[in-house]
1. Could you please let me know if LEU253 is open to solvent by less than 70 Å² (accessible area, probe 1.4 Å) and in contact (Cβ under 8 Å) with a residue 60 or more places away in the chain?
2. Taking the condition of being crowded, with 24+ Cβ neighbours inside 10 Å, outside any loop (DSSP other than H, G, I, E, B) and of a type in the set (A, V, I, L, M), how many residues in region 112-138 meet it?
3. Give all pairs with beta carbons closer than 7 Å in which a residue from region 58-70 that is touching a residue at least 12 places away in the same chain (Cβ under 8 Å) meets a residue that is of a type in the set (Phe, Trp, Tyr) and outside any loop (DSSP other than H, G, I, E, B); count only pairs at least 6 apart in sequence or on separate chains.
4. If you check LEU403 against the conditions, is it touching a helix residue (DSSP H, G or I) at 6+ places or on another chain (Cβ under 9 Å), touching a residue at least 12 places away in the same chain (Cβ under 8 Å) and either surrounded by fewer than 24 Cβ atoms within 10 Å (Cβ to Cβ) or of a type in the set (S, T, N, Q) (or both)?
5. Among the residues of region 339-354, how many are open to solvent by 10 Å² or more (accessible area, probe 1.4 Å) and assigned to a loop (DSSP other than H, G, I, E, B)?
6. Have a look at VAL455, VAL474, VAL482, VAL446 and point out the one that is under 27 Å from ALA255 (Cβ atoms), part of a helix (DSSP H, G or I) and aliphatic (A, V, I, L, M).
7. Just one of (1) touching a Lys or Arg at 6+ places or on another chain (Cβ under 8 Å); (2) more than 19 Å from VAL272 (Cα to Cα); (3) open to solvent by less than 40 Å² (accessible area, probe 1.4 Å) trips up PHE198, so point out which.
Amino acid sequence: MVQKSPCLSSPTQPSASVGPPVLNHFFFISARGSSLTREIRGGLVTFFSKANINALNPLIVGTAVDKNGNLVSGLPKYESWPIEFDPVTNAVITPVIHANTGATLAMVAAATAFIAGVMTILMGLIGRFPVALAAGLGINALLAYAIAPTMTWPQAMGLIVWEGIVITILVLTKFRKAVMDAVPQALRTGISVGIGLFIALIGLVDAGFVRQGSVMGELGVGGSIIGWPLLVFVVVLISLIIMWVKKVKGAMLIAILGGTILAVILEALVKVGNSEINPTTGWRLNVPELTSDQSWLPNLELMKFWDHVDMLGAFQADVRSWAIVLLTILALLLADFFDTMGTIVAIGKAGNLIEPDGNPPRTQQILLMDSMSAIAGGVFSTSSNTSYVESASGVADGARTGLANIVTGSAFLLAVLITPLVNLIPSEAVAPVLVVVGFLMLQQIVDIDWANLEVAIPCFFMVTMMAFTYSITVGMGLGFVVYVIIKIVKGKAREINPLLWVVAVLFLVYFFQGQLLVWLG
C-alpha cells in the first residue's frame, strides 16, 4: 500500500490513458496515479536534467592522469610526434606535441552515456522506480584527483569494481536495507529537505547565478546579473515559475526545450563562447552550438574492459598499502551507500511513493540495481554509477514508475550516437528546473518537529551541510553522528538502533580519513 503525503505533487492530474494492460500492470501505472503521457514526459525531463553528465564526466575522468602520466584510455596525455626529418642526418627538425585528451574524452563520453542508458533501463525493469542512474559526481572527482594519481587507471577502476561488489553483497545479505530501516522517520524527512536545498544549490551554481566571490558566495558576477547565459537562466526560471503556478502541463520539459532554443539563437547571434574563453560571461558547461569538427561516430574503445581494469593490482604486499586501499574502498563505499539511500528516500517522498515502513516500494530491487551499476561503472571505466538526485525533476513533472526509466535510458543510449545534439543543452536551460524542484522538496520542512531538539538539531545539520559541503553523504553523516551524540548525553543510548552505532563510527572514520592517511605515512 503506497502512503500518500502532501510532499511534492505534479501540477496536473493523471489522464485516463495508461497504455496497454500488460504495460499498465507491469509498471503499476494506474496504481500509482500516473499515465503513459506523464511517464514519457517525466522520463525526458529526467534525461535533460542529467544529460550534461555526458560532457561533465569526461571532463573529470577523461582529463586526469594516473601515476604514470596516462589517461584512463591508456594513452599518455601528451606525445611528441616528429613531423619533419632532415634528409641527410634523419634528425627531427620540427617535433609537435600532441594531446590525447580529445580521443579520451570521446571514449569516456560514449561509455558514460552507454552505461547510464543500460543501467537506467534495467532499474526501470527490475526496480520499477523512477530513479535514473549515471556516473556519480563527487565519486568521479575523488577517483580522478585523489585515487588515480596514486596508482594506474586500471587499478583505480578495479577499486571501483570492488566497491560495487562489496555494496552488492551488503544488498544481497539485506544489510543495506536494514541500515535504511534503522534510520528514524524524523531523520528521513531531514534527508529529503536537505536534498531539496542541495538540488536548488546545484541549479543555482550550474547556471552561475550563485558564484564564489569576495565572500563564500555572491549573486552572479560581482553581485550583479551579467552576460547572456545568466540572462537565459533568469528568463527560463521566471517562465517556469509562471507555467508552474498556472499548472501548465509539461512545464519543466517546455522550459528546458525553450531555454535551449533561446540559447542556440543567442550563441549564433553573439558568439558568447564557453567559460574558459569568457570566465565571467561564458556558458558554464555546454556551448549551445554545432561545430564542423564535432564527430558523430561514438568511440567505444572503453568497452574493451579487459584492457582497462585491473582487479588485483592495487593490493600490494605490505600492510600499509593494504590499509590505504581498504580505507579508500571504505570512502567510496560510504559515499555511494548513503548518496543512494538519501536519493531514493527523497524521490519516494517527492512522488508519494513511500510505503508504511518508510521505504520506497521494491527497495531491495532498487538497491540491487544501484549496486550493480557501481560495478558496471568500474568495469567500463566511467567511475561508479549511482542513482542521481536530479531524477526528482522527472518525478516533479509526473514520473511515478519504472516506465519513465525506459524513456530516460533510451535517451541516454541515443545520446551515444548524437552526442553533439545532446551537448546543445546548456546548463543554464536545465538549472531552473532544479531550482523549482528544490523548492518543492523543501516544502517538507514543515514535517520536522523543530521543538524536539533530539531530531531538530541532527536535521539542521543534514539540511545545511548537504548544501554547504556540496555532498549528500557528508550531510547525512554529520546528522547521524550528532543524533547519536545527543541521544547519549540525554541518557537515551538504548534507543539508538545498533546499526546506527556502526554507521556513526564508520562516518567518524570517513570524516578523519585524511588524518588517518597521514598517520599511515
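1. Numbers: open to solvent by less than 70 Å² (accessible area, probe 1.4 Å): yes; in contact (Cβ under 8 Å) with a residue 60 or more places away in the chain: yes.
For LEU253, the condition - open to solvent by less than 70 Å² (accessible area, probe 1.4 Å) and in contact (Cβ under 8 Å) with a residue 60 or more places away in the chain - is met.
2. Residues that pass the stated criteria total 8.
3. Close Cβ pairs (under 7 Å, with a partner that is of a type in the set (Phe, Trp, Tyr) and outside any loop (DSSP other than H, G, I, E, B)) amount to ALA64/TYR145; ASP66/TRP153; ASN70/TRP153.
4. On the way: touching a helix residue (DSSP H, G or I) at 6+ places or on another chain (Cβ under 9 Å): yes; touching a residue at least 12 places away in the same chain (Cβ under 8 Å): yes; either surrounded by fewer than 24 Cβ atoms within 10 Å (Cβ to Cβ) or of a type in the set (S, T, N, Q) (or both): no.
So LEU403 does not fit the description; no.
5. Filtering region 339-354 down to residues open to solvent by 10 Å² or more (accessible area, probe 1.4 Å) leaves 339, 349, 352, 354.
Adding the requirement that they be assigned to a loop (DSSP other than H, G, I, E, B) leaves 352.
Total meeting the criteria: 1.
6. VAL446
7. In the conditions (1) touching a Lys or Arg at 6+ places or on another chain (Cβ under 8 Å); (2) more than 19 Å from VAL272 (Cα to Cα); (3) open to solvent by less than 40 Å² (accessible area, probe 1.4 Å), PHE198 misses (1) alone.
Residue by residue, here is whether (1) within 29 Å of GLY208 (Cα to Cα); (2) touching a Gly at 6+ places or on another chain (Cβ under 6 Å); (3) among the β-branched types (Val, Ile, Thr); (4) crowded, with 24+ Cβ neighbours inside 10 Å holds:
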position: SER383; (1), (2), (3), (4): yes, yes, no, yes
position: THR386; (1), (2), (3), (4): yes, yes, yes, yes
position: SER391; (1), (2), (3), (4): yes, no, no, yes
position: VAL395; (1), (2), (3), (4): yes, yes, yes, yes
position: ILE418; (1), (2), (3), (4): yes, no, yes, no
position: ASN423; (1), (2), (3), (4): yes, no, no, no
position: PRO426; (1), (2), (3), (4): yes, no, no, yes
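The values are calculated or read from the model by the stated rules, or taken from the named source; none is laboratory data. None of the values given here were measured: they were computed from a predicted structure. FYI the Cβ positions are ideal-geometry reconstructions off the backbone, even for glycines, and counts take in every protein chain you see. When the accessible area is computed, the model is the full protein with side chains, heavy atoms only, and any ligands, DNA or RNA have been set aside. Shrake-Rupley method; radii C 1.70, N 1.55, O 1.52, S 1.80 Å.
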